[in-house]
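> Right, I'll just put the structure down here and ask away after.
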Amino acid sequence: MSRTFHQMVAEALADVPTVTPAEAQRRMQQDPNTLVIDVRDAADVAATGTVPGAINVSYGTLTYAADNEVPQDWRDPRLQDRSRPIITTCILGPLGALGGKLLKDMGFANVSVLEGGVQAWKEAGFPTQPVKAG
């Protein structure tokens, strides 16, 4: 049976907790080790900016960058600690949810999704910044 994008997002959101922009900011301030990952393609992130301090690892790249069994030069060293607090995001939330579910399925123990994505972050009055090279 095939599944749609919206069905996969609903499954991801049922499995991975969400955090509000205010909660995400609080977590980032309380634990500087918290990693925010914007899973959009680089051009999309460049067009809108992202959460300050976030890194950009596109969803497609995330599938191997977070895998400890691929060749070393394919991995992202920031994604080697499976207990590191991670918040995934995109512009509105759905792709961030899929990214969070992917990480959870890969064994990451402390993953959340930014509810409403970067758009909700902006609407909450928080600033954005250009992306850090991923």
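Coordinate-derived values only; no laboratory data. Quick caveat, the model's predicted, so the values are computed rather than measured. We place every Cβ from the backbone using ideal geometry, glycine too, and count neighbours over all the protein chains shown.
> Give, to the nearest whole percent, the P(r) tail of the range 5-123 beyond 20 angstrom, counting all Cα pairs.
35 percent
> I would also like to ask the following. Using Cα-Cα distances under 8 Å and only pairs 6 or more residues apart, what relative contact order does the range 5-123 have, in percent?
33 percent.
> Run the quick spin-label model on residue 64 and residue 30: label points 7 Å from Cα toward the beta carbon, then report their separation in nm to one decimal.
Going by the 7 Å Cα→Cβ label model, 3.7 nm.
> Highest mean first, what order results for 51-58, 69-76 on Cβ atoms within 10 Å?
The packing order, highest mean first, is 51-58, 69-76.
> Choose one of 91, 70, 32: the residue whose Cα lies farthest towards the positive end of the charge dipole of the range 5-123 (beta-carbon charges +1 Lys, Arg; -1 Asp, Glu; about the Cα centre).
32
> Only Cα pairs within less than 10 Å get springs; with that Gaussian network setup on the chain, which residue of 15, 31, 41 has the largest fluctuation?
Checking each option, the largest mean-square fluctuation is seen for 31.
> By how many nm would the segment from residue 10 to residue 124 lengthen if fully extended, with 0.36 nm per residue of separation less the alpha-carbon distance?
The residue 10-residue 124 span can extend by a further 38.7 nm.
> Hey, rough spin-label estimate for residue 80 and residue 42, points 7 angstrom out along Cα→Cβ, what's it come to in nanometres?
2.3 nm
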